[in-house]
Amino acid sequence: MPAFGKHGIVGGYVPVRSDWTIEQDWAAYTPAEHATWKTLFDRQIALMPGRACQAYLDGLRTLPIGADTIPDFARLSDALMRRTGWQIVAVPGMVPNEVFFDHLANRRFPAGQFIRQPHELDYLQEPDVFHDVFGHVPMLTNPVMADFMQAYGEGGKRAEKLGVLDRLARLYWYTVEFGLVEEAGQIRIFGAGILSSFSETTFALDSASPNRLGFDLRRVMRTLYRIDEFQESYFVLPSIDSLLDFARTDFAPVYDGLAAQPDIAASQVLGTDRVFTRGTGAYHQALNA
Ligand SMILES: [Fe+2]
């Protein structure tokens, strides 16, 4: 599965532009690259009904994202701009935190320009165009997610100054990347890290191994996570609309309140948790055996 916990600097890369954007150069994608996109798209789209949340499905259906070719960011931006005022900009891979936050704060989503190699279908180190576009972009048609992502960019800059970015990054991780949501009495996926991963889509919803716990802001900000493996715990929002609270929250008092609180292991279930599923932990125990 993809691993992209940090927005850290690509080793040795010197950006041409200060905002790290590059041209997508859509015409330069090869038939083999479009074919890789189609392979990923076809197997993933088959898993979406009954697993992805409605906001995601609506977004995917109404954007120019199809099976046959890597999407054109200019067309995507036109469609998104009309819906929620967002644009997609191409970047070579991970970008420094301050660059990432500045893009989000200005309603620009930086998407990896490259696509993974055929032997990397299930794992890659950096977010590519499939993760970023198939995973993230459909949710940007949702007005609440659109505002939350902008607020995250603004909040990221503040959190960096306060030295508490790890707290805020956990909120992003357990929502935008690996979030689950209750919908019509079922648990559905809205996190891009899951929705762009064939194996984690079934693991997150169907496996007996992970915990599925009710979302609680302060609890999540204390919870460690794995960047190299499936998650040991997933958190379930009551609705996508509940993200709006976080977009409007000044986290400074929250950070203060958490200052003396210890971190919580990714596998831990607390007595105060609302437990949807208490996982067996079998998957991660086998990894450590
Ligand atoms: Fe991502």
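The values are calculated or read from the model by the stated rules, or taken from the named source; none is laboratory data. Please read these numbers as outputs of a predicted model, since none were measured by experiment. Positions of Cβ are generated from backbone atoms using ideal geometry, with glycine treated the same way; all protein chains shown enter the neighbour counts. To get the accessible areas, we keep the full protein, side chains included, count just its heavy atoms, and leave off ligands, DNA and RNA. Shrake-Rupley method; radii C 1.70, N 1.55, O 1.52, S 1.80 Å.
For the reader, a short list of remarks on this structure follows.
- Across segment 247-289, the qualifying residues are those that are open to solvent by less than 30 Å² (accessible area, probe 1.4 Å) and under 14 Å from R219 (Cα atoms), and the one among them that is nearest to the chain's Cα centre (by Cα) is A266.
- Hits in segment 82-129 - residues which are hydrophobic (A, V, I, L, M, F, W, C), part of a strand (DSSP E or B) and either closer than 21 Å to R158 by Cβ or free of Cβ contacts under 8 Å to residues at least 60 places away in the same chain (or both): I88, F109, A111
- Residues of segment 65-78 classified as of a type in the set (G, A, S) and either farther than 15 Å from F134 by Cα or in contact (Cβ under 8 Å) with a residue 40 or more places away in the chain (or both), total: 1
- Complete set of residues in segment 181-197 that are more than 16 Å from the ligand (Cβ to nearest atom) and either under 19 Å from V129 (Cα atoms) or open to solvent by less than 10 Å² (accessible area, probe 1.4 Å) (or both): V181
- Failed item, numbered, when F215 is tested on (1) of a type in the set (F, W, Y); (2) out of contact with any Pro (no Cβ under 9 Å at 6 or more places or on another chain); (3) under 22 Å from E154 (Cβ atoms): (2)
- Residue check: L121 meets all listed conditions (1) within 15 Å of the ligand (Cβ to nearest atom); (2) of a type in the set (A, V, I, L, M); (3) surrounded by fewer than 20 Cβ atoms within 10 Å (Cβ to Cβ) but one, namely (1).
- Qualifying residue in segment 15-38 (condition: within 21 Å of the chain's Cα centre (by Cα), in a helix (DSSP H, G or I), within 16 Å of the ligand (Cβ to nearest atom) and modelled with pLDDT of 95 or more): no
- Checking each residue in segment 151-163 for being buried (at least 19 other Cβ atoms within 10 Å of the Cβ), away from the ligand (no atom under 16 Å from the Cβ) and of a type outside the set (A, V, I, L, M) picks out only G155.
- Some residue of segment 58-67 being among the small types (G, A, S) and open to solvent by less than 20 Å² (accessible area, probe 1.4 Å): yes
- Scanning segment 44-81 for residues that are part of a helix (DSSP H, G or I), hydrophobic (A, V, I, L, M, F, W, C) and more than 19 Å from the chain's Cα centre (by Cα) turns up A74, A79, M81.
- Considering D147, D166, D128, the condition of being acidic (D, E), open to solvent by 10 Å² or more (accessible area, probe 1.4 Å) and either within 13 Å of the ligand (Cβ to nearest atom) or under 20 Å from R219 (Cα atoms) (or both) is satisfied by D166 alone.
- Cβ pairs under 9 Å, 6+ apart, first in segment 166-183 and without any contact (Cβ under 8 Å) to a residue 40 or more places away in the chain, second more than 11 Å from the ligand (Cβ to nearest atom) and charged (D, E, K, R): D166/D263
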